[in-house]
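Peer 1: Take this structure, written in structure tokens, and hold onto it; I'll ask about it next.
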Amino acid sequence: MEVLSTIADVRRRLEPHRRSGRTIGLVPTMGYLHVGHLELVRRARAANDVVVTTIFVNPLQFAPTEDFARYPRDMERDQAMLRAGDVDFLFAPSVEEMYPQPLETAVDLHHLGSILEGERRPGHFRGVATVVAKLFNIAQPTRAYFGEKDYQQLAVIRRMVADLSMPVDVVGVPTVRESDGLACSSRNVYLGEAERAAAPVLSRVLAEAEQRVAKGQRDFVRLRTHLETMLTREPLADPDLVEIRDAATLNEARPDSEAVVVLLAVRIGRTRLLDQRVIPLPQPLPSGQAD
Ligand code: PAF
């Protein structure tokens, strides 16, 4: 694996591959890698001739009150993991390399970027979309890989690519979980022992939602209240976002939606954890089942 730190080097090293018609798979990350990231790499490796991973803790997507400074970093360990995953190039730029001057230009998704997580973290998706657009311009990948755990982020990136006609296939990869159901995340490292024990409440709540919908529940307002109550019964959990939305549009879920997505953001101590589950809605309801 070759480690590159400048945009010019990435362009210089990838150009011959592109000219020879080789496909390029891009896995953008903020580092402190876990098995979820390695799954993105595995998928990229299986489908592309050349695999590029990026590690960049992007200041643009953190509010001043958030954890940019203390976001976990371990470049040596990350590099060893990426070498084991057979990555060809790691692009790990400095903030100065990515943003040599204050940006005049940003990618803003007016609606999709300002609802749900965007309402709670103003500017977050502007930061994500802008850095991902930049990484796409730098690496010009054939395909790019993102985890489904960050469901709205994936929706934002897909929409940006569609709106701006970016020539890249965005591939969503299912969430990788610990054995007790906790979704893998770099931020799990913040959890103390008791918090770690409480954290699987998110996946239990998602399983409950799935069961209730499978049994025919279509009153999503009532279901949402039930899920929130379940979360608040866990003393260490403080739910910040509990929403059931149409999985395709992120608008309000309707009984005739093809699938709904349950979106959770829950504080466990000082750590804000995200999780989600897409639940298909069979149309019409299986016979004998009703809300
Ligand atoms: O999901 C992440 O790790 C980041 O938001 C991303 C997509 C690498 C952009 O900084």
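Peer 1: In region 1-22, which residues are of a type in the set (A, V, I, L, M, F, W, C), out of contact with any Asp or Glu (no Cβ under 9 Å at 6 or more places or on another chain) and surrounded by fewer than 19 Cβ atoms within 10 Å (Cβ to Cβ)?
Peer 2: Within region 1-22, Val3, Ala8 meet the criteria.
Peer 1: What tally of residues in region 130-155 results from selecting those that are among the β-branched types (Val, Ile, Thr) and assigned to a loop (DSSP other than H, G, I, E, B)?
Peer 2: Qualifying residue count for the region: 1.
Peer 1: Among the residues of region 94-120, count how many are assigned to a loop (DSSP other than H, G, I, E, B) and buried (at least 19 other Cβ atoms within 10 Å of the Cβ).
Peer 2: 5
Peer 1: When region 45-79 is examined, which residues are found to be more than 11 Å from the ligand (Cβ to nearest atom), touching a residue at least 40 places away in the same chain (Cβ under 8 Å) and in contact with a helix residue (DSSP H, G or I) (Cβ under 6 Å, 6 or more places away or on another chain)?
Peer 2: Val52, Pro72, listed by residue number.
Peer 1: In region 30-66, how many residues are assigned to a loop (DSSP other than H, G, I, E, B) and in contact with a Ser or Thr (Cβ under 9 Å, 6 or more places away or on another chain)? Quick ask: steps written out before the conclusion?
Peer 2: Within region 30-66, the first condition is being assigned to a loop (DSSP other than H, G, I, E, B), and the residues that meet it are 30-34, 48-49, 56-58, 62-66.
Right, trim to in contact with a Ser or Thr (Cβ under 9 Å, 6 or more places away or on another chain) and you get 30-34, 48-49, 56, 58.
Residues that pass the stated criteria total 9.
Peer 1: Of all residues in region 8-29, which are farther than 11 Å from Thr142 by Cβ, outside any helix (DSSP H, G or I) and not aliphatic (A, V, I, L, M)?
Peer 2: Those that are farther than 11 Å from Thr142 by Cβ, outside any helix (DSSP H, G or I) and not aliphatic (A, V, I, L, M): Ser20, Pro28, Thr29.
Peer 1: Write out, first by first residue and then by second, each pair whose Cβ atoms fall under 6 Å of each other, whose residues are 6+ apart or on separate chains, and whose first residue, in region 23-44, is of a type in the set (S, T, N, Q) and open to solvent by less than 50 Å² (accessible area, probe 1.4 Å) while the second is in a strand (DSSP E or B) and near the ligand (Cβ under 10 Å from one of its atoms).
Peer 2: The qualifying pairs are Thr29/Ile55.
Peer 1: For region 58-72, which residues satisfy the criterion of being within 18 Å of the chain's Cα centre (by Cα) and surrounded by fewer than 19 Cβ atoms within 10 Å (Cβ to Cβ)?
Peer 2: Of region 58-72, the ones within 18 Å of the chain's Cα centre (by Cα) are 58-63, 66-68, 71-72.
Hits for region 58-72 are Pro59, Phe62, Ala63, Glu66, Asp67, Phe68, Tyr71, Pro72.
Peer 1: Looking only at region 131-143, which residues are within 20 Å of Arg13 (Cα to Cα) and within 9 Å of the ligand (Cβ to nearest atom)?
Peer 2: Val132, Leu135
Peer 1: Could you check how many residues of region 115-134 are more than 11 Å from Ile157 (Cβ to Cβ), of a type in the set (A, V, I, L, M, F, W, C) and over 15 Å from the mean Cα position of the chain (by Cα)?
Peer 2: 1
Peer 1: Right, another one. Kindly list the number of the only condition in (1) hydroxyl-bearing (Ser, Thr, Tyr); (2) within 16 Å of the chain's Cα centre (by Cα); (3) open to solvent by 10 Å² or more (accessible area, probe 1.4 Å) that fails for Tyr145.
Peer 2: Among (1) hydroxyl-bearing (Ser, Thr, Tyr); (2) within 16 Å of the chain's Cα centre (by Cα); (3) open to solvent by 10 Å² or more (accessible area, probe 1.4 Å), Tyr145 violates only (3).
Peer 1: Scan the helices (runs of 4 or more DSSP H) fully inside region 156-244 and keep the ones with 2 or more residues being open to solvent by less than 40 Å² (accessible area, probe 1.4 Å) and either touching a strand residue (DSSP E or B) at 6+ places or on another chain (Cβ under 7 Å) or among the acidic types (Asp, Glu) (or both).
Peer 2: In region 156-244, 201-214, 220-232 are the helices (runs of 4 or more DSSP H) which contain 2 or more residues that are open to solvent by less than 40 Å² (accessible area, probe 1.4 Å) and either touching a strand residue (DSSP E or B) at 6+ places or on another chain (Cβ under 7 Å) or among the acidic types (Asp, Glu) (or both).
The values are calculated or read from the model by the stated rules, or taken from the named source; none is laboratory data. Predicted, not measured: the structure shown is a model, and the values here were computed from it. Virtual Cβ from ideal backbone geometry, glycine too; neighbours counted across all protein chains shown. Note: accessible area is taken over every heavy atom of the protein model, side chains too, but ligands, DNA and RNA are not part of it. Shrake-Rupley method; radii C 1.70, N 1.55, O 1.52, S 1.80 Å.
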